[in-house]
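First comes the structure, then the notes that go with it.
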Amino acid sequence: MTAMATMPVSHPLTLEDFEALRDAAESGHRYELVDGSLIVTPSPSWLHQVASSRLMAVLIRSNPDPDRLLVLHAPFDVLLGSATAIQPDPTVFDA
């Protein structure tokens, strides 16, 4: 049995706290940090995955500049400050 990192209770989580907790946790869930609050959700349903895949296909087909605009799908972290890390599906990045 492995020891799980404990969550601080007196202050919002930082990205460092978030990484330590997520690394110690079991897989199969999506971990996001929003304004210092840990959000844990189960794996997406098949219906969610179908809708997300169809949206990905539309975004890729309609991309006017594939060398500049990158269309990516979760899981990957998008860091939005020192206390927010989300995993959107899908995302368009301006390279």
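Select from region 64-95 the residues that are open to solvent by 30 Å² or more (accessible area, probe 1.4 Å) and polar (S, T, N, Q) and list them in ascending order.
82
What are the pairs, 6+ residues apart or on separate chains, where a residue within region 82-94 that is in contact (Cβ under 8 Å) with a residue 12 or more places away in the chain and within 17 Å of residue 15 (Cβ to Cβ) has its Cβ under 9 Å from a residue that is open to solvent by 70 Å² or more (accessible area, probe 1.4 Å) and in a loop (DSSP other than H, G, I, E, B)?
83/12; 83/35; 84/35; 86/80; 87/75
Out of everything in region 79-95 that is farther than 16 Å from residue 17 by Cα and not in a loop (DSSP other than H, G, I, E, B), what residue ends up being farthest from the chain's Cα centre (by Cα)? First the steps, then the outcome.
Going residue by residue through region 79-95, those that are farther than 16 Å from residue 17 by Cα are 87-95.
Filter again for not in a loop (DSSP other than H, G, I, E, B), leaving 91-94.
Numbers: 91: 10, 92: 14, 93: 14, 94: 18 Å.
Result: 94.
The values are calculated or read from the model by the stated rules, or taken from the named source; none is laboratory data. As the structure is a computational prediction, the values presented were derived from the model and not from experiment. Glycine also receives a Cβ, built like all others from the backbone with ideal geometry; neighbour counts cover every protein chain displayed. Just so you know, the surface numbers come from the protein's heavy atoms only, side chains and all, with ligands and any DNA or RNA stripped out. Shrake-Rupley method; radii C 1.70, N 1.55, O 1.52, S 1.80 Å.
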